[in-house]
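What follows is a short report on a single structure.
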Amino acid sequence: MEKSINVTLKIWRQAGPKVKGKFETYKLDNVSTDSSFLEMMDVLNEQLINERKEPIAFDHDCREGICGMCSMFINGHPHGPDGEITTCQLHMRNFKDGETITVEPWRSAAFPVIRDLMVDRGAYDKIIQAGGFVSVNTGGVPDGNAIPISKVDADEAMDAASCIGCGACAATCKNGSAMLFVAAKVSQLALLPQGRVEAAHRAKLMVAKMDELGFGNCTNTGACEAECPKNVSISHIARLNREFLSAKFKD
Amino acid sequence: MWLIDSSIGRKFIMSISGIFLVLFLLFHSCMNIVVIISPSGYNAICGFLGANWYAVAGTSLLAAGFVIHILYALYLTYQNMRARGSEQYAVKKNQNGVEWTSQNMFVLGLIVFGFLALHLYNFWFRMQFAELTGLHTGMFDAADGASYVKALFSSWIYCVIYIVWLSALWLHLTHGVWSALQSLGLNNKIWLPRVKVVANIVSTIVILMFMSIPVYYLLGFGA
């Protein structure tokens with residue numbers, strides 16, 4: 001059932017990385033409750049362009065919850081008040097008529113603001129580059145069923161691999177810690193035979209890079225898991241701790 | 001040194017020192033409960049500990065555990081505040097399932113530490129310290145722990161202060177115990193809820209044993 005609402009938007013505007021930002025308030029009328037949050041942002045930008053104003057810069061790409069680009073801190077939650085979805089999957093039916101919606105960029109020392117709601121999440125890419133891969137030696141491809149993998153491990157690895165690297169975990173963490181992201185990336189590979197070989201080395205390299213980039217120390221609050229659009233479990237953090245500690249003790 | 005340089009290394013030290021302190025609390029609370037059952041038995045334990053070499057060695061180790069736990073807490077908290085960045089969220093809401101204690105461990109730790117100073121003055125200064133230095137810092141014999149306990153808790157204000165202190169410690173432990181195991185990597189999806197239950201049981205037992213003493217005196221049984 002389509003309905004339209006009027007909303008007030010308090011949006012963070014910042015012209016560049018070094019410029020001081022501030023909130024601007026915009027009024028948007030007749031927003032369809034069937035539209036997605038990003039569609040609403042498009043309509044707002046259209047309105048701003050028609051008024052000869054600078055449109056709001058925000059990250060987005062696939063708009064179906066798998067690329068991890070859309071990053072908005074909406075009304076106190078990364079990806080908005082609804083659970084287990086990304087900003088692009090958030091619908092305007094989650095908001096009330098006349099509601100004031102506050103939209104902020106990810107705020108974390110390791111994710112500096114580029115412009116408006118866009119932040120530089122290159123730090124996550126650097127962590128992946130440090131060790132989040134499997135070194136492949138080319139050669140004959142073995143039969144897929146030659147190495148049996150238990151259902152439990154396969155499921156656990158797939159759950160970890162559902163991480164889209166959006167940065168909500170570090171953005172919501174009171175410690176600015178990226179542990180859930182790193183743990184998911186270490187787990188998805190360490191649980192499977194191909195990735196198992198380099199698991200200890202990988203954990204050391206990725207954790208070292210994470211610390212170097214200025215992410216905080218995990219204190220097990222679980223806020224990351226609660227806000228993760230893919231519901232990645234903090235039990236992966238325990239696995240990362242285990243991998244890292246056993247690797248260090250073996251050295 | 002990875003125990004200082006890496007985040008997981010620092011958390012490892014935090015966990016190990018925390019678990020050590022929890023084990024000490026278990027011992028301390030078991031010892032304390034004796035004062036209700038038998039004051040003379042409690043004094044025998046006080047005499048057994050006192051200024052003997054093993055008690056002094058134990059106390060030194062314990063002090064080192066506290067100092068390490070506190071120094072690492074300060075360092076971790078400082079780093080975490082820096083990682084959070086200078087800009088704060090204008091609107092930030094808490095999530096379901098995130099315990100208040102887990103976000104306020106440092107504050108709870110500060111409260112516990114503040115009362116700890118008072119507690120050391122109330123008992124340690126008048127007992128082990130008096131025995132070590134030979135000074136008379138209290139009104140009773142240094143090994144007469146039961147009299148000190150009775151004298152202190154004859155004041156209801158002290159009973160209430162200790163109950164408040166122990167409540168803060170309980171909150172600190174309910175998060176601390178399972179968090180220590182998680183940081184050591186001794187956790188998985190199945191054990192996560194179990195570990196939390198174990199943590200709650202351990203911390204509740206410790207605190208109930210401690211708390212029974214001021215409550216016992218507050219209700220007038222020890223008079």
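Nothing in this text is a laboratory measurement; each read-out follows from the coordinates by a stated rule. Model, not experiment: these values are computed from the prediction. All Cβ positions, even for glycine, are placed from backbone atoms using ideal geometry, and neighbour counts span all protein chains on display.
Nothing charged except the Cβ atoms of Lys and Arg (+1) and of Asp and Glu (-1): what's the magnitude of the dipole of the protein assembly as shown about its Cα centre? Round to the nearest 20 debye. Charge dipole, the protein assembly as shown, about its Cα centre: 840 debye, nearest 20. The H on the amide N of A:Phe23, modeled in the peptide plane, is under 5 Å from the matching H of A:Arg13, each at least 5 residues off or on a different chain. The Cα atoms of segment A:157-251 give a gyration tensor whose axes a ≥ b ≥ c have a/c of 1.5 or more with a/b no greater than b/c, which makes the shape oblate. Fewest-first ordering of A:Asp34, A:Asp29, A:Asp143, B:Asp144 by other beta carbons within 10 Å of each residue's beta carbon gives A:Asp143, A:Asp29, A:Asp34, B:Asp144. For chain B, set up a Gaussian network in which alpha carbons nearer than 10 Å are linked by springs, and say which option among B:Gly97, B:Gly47, B:Gly18 fluctuates the most. Sorting by GNM fluctuation, first place goes to B:Gly97. Loop-located trypsin sites (Lys or Arg not before Pro) across segment A:1-89 with a Cβ neighbour count of 12 or fewer within 10 Å are A:Lys3, A:Lys18, A:Lys20, A:Arg52, A:Lys53, with loop assigned by DSSP.
If you restrict to DSSP beta bridges whose two residues both lie in chain A, what percentage is antiparallel, to the nearest 5? It would help to have the intermediate numbers written out before the result.
Details: 17 of 21 bridges.
Here the antiparallel bridges make up roughly 80 percent for chain A.
Summed over qualifying helices (DSSP H, 4 residues or more, each -39500 (n - 2.57)) and divided by its residue number, chain A shows a 222 nm mean residue ellipticity of -10500 deg cm²/dmol. Placing +1 on the Cβ of each Lys and Arg and -1 on the Cβ of each Asp and Glu in the protein assembly as shown, which of A:Thr100, A:Gln194, B:Asn122 has its Cα farthest towards the positive end of the resulting dipole? Of the options given, the answer is B:Asn122.
What FRET efficiency comes out for the pair B:Asn188/B:Leu23, r = Cβ-Cβ distance, R0 = 30 Å, nearest 0.05?
According to the calculation, E is roughly 0.80.
Taken one residue at a time, the phi angles of segment B:196-206 give Karplus couplings (6.51, -1.76, 1.60, θ = phi - 60°) of 5, 5, 4, 4, 5, 5, 4, 5, 5, 4, 4 Hz. Gly and Pro are set to x.
About the centre of its Cα atoms, segment B:124-223 shows a dipole size close to 520 debye [charges on the beta carbon of Lys, Arg (+1) and Asp, Glu (-1) only; nearest 20 debye].
Given Cα pairs under 8 Å that are at least 6 residues apart, what percent is the relative contact order of chain A?
Across chain A, relative contact order equals 19 percent.
For segment A:88-96, putting each phi into the Karplus relation 6.51 cos²θ - 1.76 cosθ + 1.60 with θ = phi - 60° gives couplings of 5, 8, 7, 10, 5, 5, 7, 10, 9 Hz, in residue order, rounded to whole numbers and with x for Gly and Pro.
Are there trypsin sites (Lys or Arg not before Pro) in segment A:89-125 that DSSP puts in a loop and that have at most 14 other Cβ atoms within 10 Å, and which ones?
A:Lys96
Take each residue in B:88-101, count the other chain C-beta atoms within 10 Å of its C-beta, and the mean is 6. Averaging the sequence gap over all C-alpha pairs within less than 8 Å and six or more residues apart, then dividing by the number of residues, gives segment A:1-65 a relative contact order of 28 percent. From the alpha carbon centroid of segment B:179-195 to that of segment B:22-96 is 21 Å.
What longest range of chain A stays clear of loop-exposed GluC sites (Glu not before Pro) (DSSP non-H/G/I/E/B, at most 15 other C-beta within 10 angstrom)? The answer is A:100-251. Exposure here means at most 16 other Cβ atoms within 10 Å; with trypsin sites (Lys or Arg not before Pro) in a DSSP loop as sites, the longest stretch of chain B lacking them is B:94-188. Dividing the summed helix terms, -39500 (n - 2.57) for each DSSP H run of n ≥ 4, by the number of residues in chain B produces a 222 nm estimate of -25000 deg cm²/dmol to the nearest 500. For A:Asp34, the residues whose modelled amide H falls within less than 5 Å of its own, excluding neighbours fewer than 5 places apart on the same chain, are A:Lys3.
I need A:Ser235, B:Ser15, B:Ser40, B:Ser179 ordered by Cβ neighbour count within 10 Å, fewest first.
Listing A:Ser235, B:Ser15, B:Ser40, B:Ser179 from fewest to most nearby Cβ atoms yields B:Ser40, A:Ser235, B:Ser15, B:Ser179.
Phi angles across segment B:169-176 convert, under the Karplus curve 6.51 cos²θ - 1.76 cosθ + 1.60 with θ = phi - 60°, into 3J(HN,Hα) values of 5, 4, 4, 4, 6, 4, 7, x Hz, Gly and Pro given as x. Taking all Cα pairs closer than 8 Å and separated by 6 or more residues, the relative contact order of chain B comes to 31 percent.
Most mobile of A:Gln129, A:Gln14, A:Gln188 per a Gaussian network model of chain A (Cα springs, under 10 Å)? Greatest mean-square fluctuation among the candidates belongs to A:Gln129. Inter-chain neighbour count for B:182-194: the average number of beta-carbon atoms from partner chains within 10 Å of each residue's beta-carbon is 5. About its Cα centre, the dipole of segment A:4-114 is roughly 620 debye, where the only charges are +1 on Lys and Arg Cβ and -1 on Asp and Glu Cβ.
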